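Colleague: After the structure tokens below, expect a handful of questions from me.
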Amino acid sequence: MCGIIAFLGNRDNAGKIVVDGLKKLEYRGYDSFGFAEKIGDKIRVSKSVGKISEFKETAKTFAKTNLAFGHTRWATHGKVNRVNAHPHASADSKVVVVHNGIVENHADLRKMLEKKGVKFVSETDTEVIPNLIADFLRKNSPREAVRKTAQKLVGRFAFVAAIAGESKLFAARNGSPLILGIEKFYPKSDEKLLAKVDGSAFFIGSDVPAFLDFTHDVVYLDDGELVEIEESPTKDHFHGHFFEIASGRPIKKRVISIDLKASRAEKGDFTHFMLKEIFEQKETITRALNQDEKQIERVAELIRRSFGTFFIGCGTAGKVCATAEYLFAKIARRHVNVIFGSEFDTQEAFLTDRTLLIAVSQSGETADILEAYKIAKQKKVKTVGVVNVAGSSVARQSDVVLPVNAGVEKAVASTKATTAQLAILTLLAFTVAGKPEEGKRVLAEAASSINDFLNPRYSAHLEKIARKIKNVESLYIIGKGADYPMALEAAIKLQEVSYIHAEGFAAGELKHGPLALITKGTPLIAFVPMGKFRADVLSNVAEVKARGGRIIGVSPKNDELFDEWIRVPAVGAAQPIVNIIPIQLLAYHLAVLRKNNPDLPRNLAKSVTVK
Ligand code: F6R
């Protein structure tokens, strides 16, 4: 949700560093992009509509400078056009800003500034930030002007600002991620808390991949914090100073060395990250199971002791959470509550210090989850984060973290993180039931079966089915039990990359209304289980078949009702994990056949850091 990168250091190709960094952050927003470079006492802004990956650089693109910053936009306020693209400058051109998040009180601030004669040029909420800084600069130092501006903003934000004539960068965070990277950090003192850090160059990014080619020494800014980066008086290195936004007091931060290997993601031989990440599921389930046993047992005990456990997630992660309701009922004979992150605030009446909140989030930066955490903290609710991105806000704010260990997920559509999250929740249900070993065995068998069936031939079979249905207007997916949330997840996957209208239903619900949507040739994807519910689901399938529906059965066993059979192994409680994989592949092939970019679906972004 908007990518930010900034550079100030001992190199003179800052613009190029920033643009290369933006390309690595494209998954955060790809409506438009822009960058700013310090040239003498001025700041030059270049911006454009479209994807940063399609930006053609020439010999003249970049100035020779050691200070630059840029932004790739996911539009919230204002249309997608060049004027609304970041960076935004103050009316007097003195202050330039890139911003991620939403300034909720921008209308009031704009009015106040307009009364003072400021002329706005864009429709964005962001434009108030450089103008407020410029206003404060009349009577304040640059740092105080930035700090006072940050104090005035309501909402979740992260911004970077530079001031013409100053060899400095400022960055402030309240709710949206910002990470500082320090090249040649010295003296090395990872253990200590520091109010000032020294390095040969500094980066500021909304995600670490933006600057991983240069450094793995980072400082995670927390909410309410500000960093000022400046050249040392000896002009041979740079300093970063940390401050509290509310008081302006210096604060101490820890420099963390992150695991470079785990944070890199390259496409390799695959045409798209989505396909690569689907295939990585051959190993990610096993990695997800590699949990600290004590931590899993600790969470299981928290669930047993809690008076109300809530699983929360958004989008795909929300569907993963919804499986918990079925998995815990079946495996642990326990009721758990499941609710979308954005709806958690409706449950305040039930929250006490005996409540447990388990948040599932790939990015760990989803605003709806962080808002839920605020409420949880107020009510003294214990929190567990099932998180893929180590060091993310959810990970840092959780009382206990269960790492998903799926590795960097670059494609906007979640695949490998989804199944790894499912594996962890399944293991948790077994652990609550006092049968962790059985859980591990079931999941290890599922992981090894994925290794067998997920191969290029299987993918080709899915592509063949995709060719047959690529021009349909709508398609529907049904499932029963934990396969029902997987039907909902299948719909999300198909919607976001194929752009075909797709909807998921509980199998038995079709006849209560949606059956009216079935006409000749309408595809129905049915998760048809083995065991006691097979007959029920098959009779729902027959109802669709009788009305001309084209049946795509996802099942360990074929059936005469199926027009197409997608074979999946029978893996007991791990069935949702193997069922969703062929649908991820189907969605991928539909996207490619329909000439969509599966890695960067329209209107979406990887981490949703706005409410
Ligand atoms: C869909 C998808 C989204 C995310 C959702 C939550 O493929 O990826 O629906 O699941 O935005 O994101 P995280 O898991 O980062 O909290």
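Colleague: Under the condition of being in a loop (DSSP other than H, G, I, E, B) and under 31 Å from the mean Cα position of the chain (by Cα), which residue from region 39-60 is nearest to THR124 (Cα to Cα)?
Modeller: At the first step, the residues of region 39-60 found to be in a loop (DSSP other than H, G, I, E, B) are 40-41, 50-51, 55-60.
Adding the requirement that they be under 31 Å from the mean Cα position of the chain (by Cα) leaves 50-51, 55-57.
On the way: GLY50: 17, LYS51: 19, PHE55: 23, LYS56: 26, GLU57: 27 Å.
Here the residue is GLY50.
Colleague: Another question, then. Does region 381-419 hold any residues that are of a type in the set (Val, Ile, Thr) and more than 10 Å from the ligand (Cβ to nearest atom), and which are they? Write out each step before concluding.
Modeller: Within region 381-419, the subset of a type in the set (Val, Ile, Thr) is 381, 383-384, 386-387, 389, 394, 400-401, 404, 408, 412, 415, 418-419.
Across region 381-419, the qualifying residues are VAL381, THR383, VAL384, VAL400, VAL401, VAL408, THR419.
Colleague: Okay, moving on. From LYS294, LYS319, which residue is on the phi < 0 side of the Ramachandran plot and surrounded by fewer than 19 Cβ atoms within 10 Å (Cβ to Cβ)? Before you say what the answer is, go through the steps one by one.
Modeller: On the way: LYS319 fails: surrounded by fewer than 19 Cβ atoms within 10 Å (Cβ to Cβ).
Residue meeting the stated conditions: LYS294.
Colleague: Only one of (1) part of a helix (DSSP H, G or I); (2) touching a strand residue (DSSP E or B) at 6+ places or on another chain (Cβ under 7 Å) fails for TYR476. Which number is that?
Modeller: For TYR476, the exception is condition (1).
Residues are listed down the side, and each one gets a yes or a no for (1) assigned to a helix (DSSP H, G or I); (2) within 21 Å of the chain's Cα centre (by Cα):
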residue	(1), (2)
VAL384	no, yes
LYS410	no, yes
ARG457	yes, no
TYR484	yes, no
ILE492	yes, yes
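Colleague: Please go through (1) under 30 Å from ASP452 (Cα atoms); (2) out of contact with any Ser or Thr (no Cβ under 6 Å at 6 or more places or on another chain); (3) more than 15 Å from the ligand (Cβ to nearest atom) for MET274 and return the number of the only condition it doesn't satisfy.
Modeller: Result: MET274 fails condition (3) only.
Colleague: Somewhere in region 553-561, is a residue at negative phi and free of Cβ contacts under 8 Å to residues at least 12 places away in the same chain? Steps first, answer last, please.
Modeller: Initially, region 553-561 is screened for residues at negative phi, giving 553-561.
Next, only the ones that are free of Cβ contacts under 8 Å to residues at least 12 places away in the same chain stay: 558, 560.
Yes, some residue in region 553-561 is at negative phi and free of Cβ contacts under 8 Å to residues at least 12 places away in the same chain.
Let's see how each residue does on (1) more than 19 Å from the chain's Cα centre (by Cα); (2) at pLDDT below 95; (3) closer than 30 Å to LEU600 by Cβ; (4) not acidic (Asp, Glu):
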| residue | (1), (2), (3), (4) |
| --- | --- |
| LEU226 | yes, no, no, yes |
| PHE243 | yes, no, no, yes |
| ALA265 | no, yes, yes, yes |
| PHE270 | yes, yes, yes, yes |
| VAL299 | yes, no, no, yes |
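Colleague: Restrict the check to region 535-551 and report whether at least one residue is aliphatic (A, V, I, L, M), assigned to a strand (DSSP E or B) and surrounded by fewer than 23 Cβ atoms within 10 Å (Cβ to Cβ).
Modeller: Going residue by residue through region 535-551, those that are aliphatic (A, V, I, L, M) are 535, 537-538, 541-542, 544, 546, 551.
Those still in the list that are assigned to a strand (DSSP E or B) too: 551.
Now drop any that are not surrounded by fewer than 23 Cβ atoms within 10 Å (Cβ to Cβ), which leaves 551.
Yes; the residues of region 535-551 include at least one that is aliphatic (A, V, I, L, M), assigned to a strand (DSSP E or B) and surrounded by fewer than 23 Cβ atoms within 10 Å (Cβ to Cβ).
Colleague: Hey, could you check region 142-178 for residues that are among the aliphatic types (A, V, I, L, M) and free of Cβ contacts under 8 Å to residues at least 60 places away in the same chain and say which is surrounded by the most Cβ atoms within 10 Å (Cβ to Cβ)? Show your work before the answer.
Modeller: Here is the first cut: in region 142-178, the ones among the aliphatic types (A, V, I, L, M) are 145-146, 150, 153-154, 158, 160-164, 169, 171-172, 178.
Adding the requirement that they be free of Cβ contacts under 8 Å to residues at least 60 places away in the same chain leaves 145, 153-154.
Working: ALA145: 22, LEU153: 24, VAL154: 13.
Among them, the one singled out is LEU153.
Colleague: Here's another thing I want to ask about it. Starting from residues that are part of a loop (DSSP other than H, G, I, E, B) and either within 13 Å of the ligand (Cβ to nearest atom) or touching a residue at least 12 places away in the same chain (Cβ under 8 Å) (or both), keep the ones in region 312-346 and report whichever is farthest from LEU443 (Cα to Cα). Break it down into steps so the answer makes sense when it comes.
Modeller: So the first thing to find is which residues in region 312-346 are part of a loop (DSSP other than H, G, I, E, B), and the list is 314, 333-336.
With the extra rule that they be either within 13 Å of the ligand (Cβ to nearest atom) or touching a residue at least 12 places away in the same chain (Cβ under 8 Å) (or both), the set shrinks to 314, 333-334, 336.
Numbers: CYS314: 24, ARG333: 19, ARG334: 20, VAL336: 21 Å.
Checked region 312-346; the qualifying residue farthest from LEU443 (Cα to Cα) is CYS314.
Colleague: Residues ASP217, ASP223: which one is among the acidic types (Asp, Glu) and surrounded by fewer than 20 Cβ atoms within 10 Å (Cβ to Cβ)? Please lay out each step first, then the result.
Modeller: On the way: ASP217 fails: surrounded by fewer than 20 Cβ atoms within 10 Å (Cβ to Cβ).
Only one candidate qualifies: ASP223.
Colleague: Answer with yes or no whether ALA195 is surrounded by 24 or more Cβ atoms within 10 Å (Cβ to Cβ) and either farther than 19 Å from ASP12 by Cα or at pLDDT below 90 (or both). Explain how you work it out, then say what you get.
Modeller: Numbers: surrounded by 24 or more Cβ atoms within 10 Å (Cβ to Cβ): no; either farther than 19 Å from ASP12 by Cα or at pLDDT below 90 (or both): yes.
Considered against the rule, which asks whether it is surrounded by 24 or more Cβ atoms within 10 Å (Cβ to Cβ) and either farther than 19 Å from ASP12 by Cα or at pLDDT below 90 (or both), ALA195 comes out as no.
Colleague: Just to be sure I understand, how many residues within region 560-611 are under 17 Å from PHE279 (Cα atoms), part of a loop (DSSP other than H, G, I, E, B) and more than 12 Å from the ligand (Cβ to nearest atom)?
Modeller: So the answer is 2.
Colleague: Do you know which residues across region 420-436 are over 14 Å from GLU297 (Cα atoms), of a type outside the set (Gly, Ala, Ser) and more than 12 Å from the ligand (Cβ to nearest atom)? I'd like the intermediate steps shown before the answer.
Modeller: From region 420-436, those over 14 Å from GLU297 (Cα atoms) are 420-423; that's our starting set.
Narrowing the set further to residues that are of a type outside the set (Gly, Ala, Ser) leaves 421-422.
The answer is LEU422, and nothing else.
Colleague: Does PHE311 count as of a type outside the set (D, E, K, R) and crowded, with 21+ Cβ neighbours inside 10 Å?
Modeller: Working: of a type outside the set (D, E, K, R): yes; crowded, with 21+ Cβ neighbours inside 10 Å: yes.
So PHE311 passes the test.
Colleague: Being basic (Lys, Arg) and either over 23 Å from VAL610 (Cβ atoms) or not assigned by TED's automatic domain parsing to the domain that holds ILE204 (or both): is that true of LYS16 here?
Modeller: Details: basic (Lys, Arg): yes; either over 23 Å from VAL610 (Cβ atoms) or not assigned by TED's automatic domain parsing to the domain that holds ILE204 (or both): yes.
Criteria met by LYS16.
The values are calculated or read from the model by the stated rules, or taken from the named source; none is laboratory data. The structure presented is a predicted model; accordingly, all values stated were derived computationally and were not measured. Reconstructed Cβ throughout: ideal geometry from the backbone, glycine too, with neighbour counts over all protein chains shown.
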